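The values are calculated or read from the model by the stated rules, or taken from the named source; none is laboratory data. Keep in mind that this is a model prediction, so the values were computed, not measured. Quick reminder, even Gly has a Cβ in these numbers, built from the backbone with ideal geometry, and neighbours come from all protein chains shown.
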Amino acid sequence: MPRSLPLIAVVALVLAVGCGGGTVSASPSPQSAPASVNTCAKAHQSKHIAYLVVEHLSGRAIERCAGYDGDTVAADMVMQATGIQFQTAGSTMCQIDHEPQQVGDCSTEQARWTLWLYSAGAWTMPVSGYGQLQLRDHEALGWRYVTSPAPSPSPPIAPQPL
């Protein structure tokens, strides 16, 4: 059930390729992408669109879009194409949009990022990990930062299709 929270759609569409096979991956720094462009408008120039919804521990939510032309798009490509800052260690999401501010070994016991997939009008926790996740047209990749241990964390807010 969606919660009523402010929704911000920002940052330019940054074309990128996958992170590669290293153990630590990171997206562009915030200085490399303007903060005033709505990625959803540019994404509509593509055949298909995938959404990214990020909900911080504070409740602040960000929605961005990635356009693609194939049948599916990898979750990693959605993250990179939307231009949001993120850092992984292996298959673990360590930081998104600079939360947490300090990234240690990504195994904090106080808070963590939970992964969600929005499909057919509902959020579910995917069985496969982030690195194996493929999205179809109008599906959303969702991340919600929660305090640990959260026995059954709720999903982020629902994406707002154009």
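Quick notes on this structure:
- Restricted to the stretch 75-89, and to residues there that are part of a strand (DSSP E or B) and crowded, with 20+ Cβ neighbours inside 10 Å, the residue that is modelled with the highest pLDDT is Phe86.
- Some residue of the stretch 101-114 being basic (Lys, Arg) and either surrounded by 20 or more Cβ atoms within 10 Å (Cβ to Cβ) or in contact with a helix residue (DSSP H, G or I) (Cβ under 6 Å, 6 or more places away or on another chain) (or both): yes
- Single unsatisfied condition, Cys40 versus (1) modelled with pLDDT of 85 or more; (2) touching a strand residue (DSSP E or B) at 6+ places or on another chain (Cβ under 7 Å); (3) under 23 Å from Glu139 (Cβ atoms); (4) not acidic (Asp, Glu): (1)
- Residues located in the stretch 90-143, provided they are hydroxyl-bearing (Ser, Thr, Tyr) and under 12 Å from the mean Cα position of the chain (by Cα): Thr114, Tyr118, Tyr130
- Tally of residues being in contact (Cβ under 8 Å) with a residue 60 or more places away in the chain and over 19 Å from Gly59 (Cα atoms) across the stretch 78-129: 10
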